[in-house]
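Note sheet for the following structure.
The values are calculated or read from the model by the stated rules, or taken from the named source; none is laboratory data. Model, not experiment: these values are computed from the prediction. Cβ: placed from backbone, ideal geometry, glycine included. Neighbour counts: every protein chain shown.
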Amino acid sequence: MIRPRLTLARTTARAVALVAATAGVLLAAAPPASAAVPSGKYVALGDSYTAGPLIPTQVDLNCLRSSRNYPSLIAASAGSSSFVDVSCSGATTADILTGGSTPAQISAVTSNTALVTVEIGGNDIGFSSIITTCAQDSLSSPLGSPCKNRYTAGGTDQLRARIDATAPKITAVLQAVHAAAPSARVVVIGYPAILPDSGYGCWPVVPIAFQDVPYLRGIEKALNSMLASTAAANNATYADVYTPSIGRDACSSSGTRWVEGLIPANAAAPFHPNATGEQGMATAVLAKLNS
């Protein structure tokens, strides 16, 4: 934006009036100030994509939680007055609401909480079993679509049905967060690209059959779409981490990828974000919070 030069005010009254009028137009047209990242208490809820399993340094061996996961990076950038990360590998929506081997994650959210991030849903649809099953199926038919055939047998897409069934569970989580911290800003975070955003993958480096790659890519996008729409319906912000991760999937080079493959080249669990991925997700979430 070009501002009127102050020297114009020294010429004539007419010029002064013109400057004043122009400044008024510019001020009226200026966009509102960006929302600041809340700097009060921050609570992170979520599963292994939040926790960062096997990324050094692991600060909770029970939940495989890293000190370099995206919540830790967000808290440091925001200057959070206090930070509680209860994300845990293997967590489902039930682990947030009622607990299991660990206390219910929702118990960390209190009335003075200013920011809550939530990344959950992958384990509710059976992420680990889907990866294992599809990898095993690819051994018998690497050029075909054995995994898609399995999950769509009978004319019903079982995985999309699981996503639909998970939506009310995400709603319950968000409603519980709002009830516990009515003034908190709540951000739902999607999942980064595991498989390439186009093409047929890189079997056997990532052991998913060629024709199954487009199918599973569609399943992940459907999960993210459900998370986005559920967030919008429940007074929460959705942070898209899939788009900035395109080209940084498990088939990408070791120095580029955000998500590792079956045999990680960087310190991380198989088919999970590495430290670069956690940094990338933190950057995407911070950008959303500042928008």
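Scan the range 176-190 and give yes if some residue there is in contact with a Phe, Trp or Tyr (Cβ under 8 Å, 6 or more places away or on another chain), surrounded by 22 or more Cβ atoms within 10 Å (Cβ to Cβ), over 15 Å from GLU119 (Cα atoms) and in contact (Cβ under 8 Å) with a residue 12 or more places away in the chain, otherwise no.
Looking for residues that are in contact with a Phe, Trp or Tyr (Cβ under 8 Å, 6 or more places away or on another chain), surrounded by 22 or more Cβ atoms within 10 Å (Cβ to Cβ), over 15 Å from GLU119 (Cα atoms) and in contact (Cβ under 8 Å) with a residue 12 or more places away in the chain, one finds none in the range 176-190, hence no.
Given (1) assigned to a loop (DSSP other than H, G, I, E, B); (2) under 22 Å from SER39 (Cβ atoms), identify the lone condition not met by SER89.
(2) is the only condition that SER89 fails.
Out of the residues in the range 158-171 meeting the condition of being of a type outside the set (D, E, K, R) and surrounded by fewer than 14 Cβ atoms within 10 Å (Cβ to Cβ), tell me which one is farthest from ASN290 (Cα to Cα).
If we take residues in the range 158-171 being of a type outside the set (D, E, K, R) and surrounded by fewer than 14 Cβ atoms within 10 Å (Cβ to Cβ), then ALA161 is farthest from ASN290 (Cα to Cα).
Out of GLY126, GLY100, GLY155, I need the residue that is surrounded by 15 or more Cβ atoms within 10 Å (Cβ to Cβ) and either in the same structural domain as TYR242 (by TED's automatic domain parsing) or out of contact with any Cys (no Cβ under 7 Å at 6 or more places or on another chain) (or both). Which one?
That would be GLY126, the only listed residue that is surrounded by 15 or more Cβ atoms within 10 Å (Cβ to Cβ) and either in the same structural domain as TYR242 (by TED's automatic domain parsing) or out of contact with any Cys (no Cβ under 7 Å at 6 or more places or on another chain) (or both).
With respect to SER66, determine if the residue is in contact with a Gly (Cβ under 6 Å, 6 or more places away or on another chain) and assigned by TED's automatic domain parsing to the domain that holds TYR200.
Answer is yes for this residue.
Restricting to the range 230-239, name every residue that is surrounded by fewer than 17 Cβ atoms within 10 Å (Cβ to Cβ) and touching a residue at least 12 places away in the same chain (Cβ under 8 Å).
Within the range 230-239, ALA233, ASN235 qualify.
Quick check, is ASP137 in a helix (DSSP H, G or I), touching a helix residue (DSSP H, G or I) at 6+ places or on another chain (Cβ under 6 Å), in the same structural domain as VAL188 (by TED's automatic domain parsing) and not small (Gly, Ala, Ser)?
In short, yes.
Do you know which residues across the range 257-286 are of a type in the set (S, T, N, Q), within 18 Å of the chain's Cα centre (by Cα) and not in a helix (DSSP H, G or I)?
ASN274
Yes or no: CYS134 surrounded by 17 or more Cβ atoms within 10 Å (Cβ to Cβ), more than 24 Å from the chain's Cα centre (by Cα) and of a type outside the set (Val, Ile, Thr)?
So CYS134 fails the test.
Inside the range 219-253, can you point out the residues that are of a type in the set (Lys, Arg) and either in a loop (DSSP other than H, G, I, E, B) or on the phi > 0 side of the Ramachandran plot (or both)?
Hit for the range 219-253 is ARG248, nothing else.
State the number of residues belonging to the range 152-169 that are in a helix (DSSP H, G or I), without any contact (Cβ under 8 Å) to a residue 60 or more places away in the chain and farther than 17 Å from THR93 by Cβ.
Here the count works out to 4.
For the range 174-191, indicate whether the set of residues that are charged (D, E, K, R), in contact with a helix residue (DSSP H, G or I) (Cβ under 8 Å, 6 or more places away or on another chain) and part of a helix (DSSP H, G or I) is non-empty.
No; the residues of the range 174-191 include none that is charged (D, E, K, R), in contact with a helix residue (DSSP H, G or I) (Cβ under 8 Å, 6 or more places away or on another chain) and part of a helix (DSSP H, G or I).
Can you tell me which residue among ILE170, ILE194, ILE219 is at pLDDT 95 or above and closer than 30 Å to THR113 by Cα?
Of ILE170, ILE194, ILE219, the one residue that is at pLDDT 95 or above and closer than 30 Å to THR113 by Cα is ILE170.
With the structure loaded, tell me whether PRO196 is surrounded by fewer than 21 Cβ atoms within 10 Å (Cβ to Cβ), not in a helix (DSSP H, G or I) and not polar (S, T, N, Q) or whether it fails that test.
When the stated conditions are applied, PRO196 passes them.
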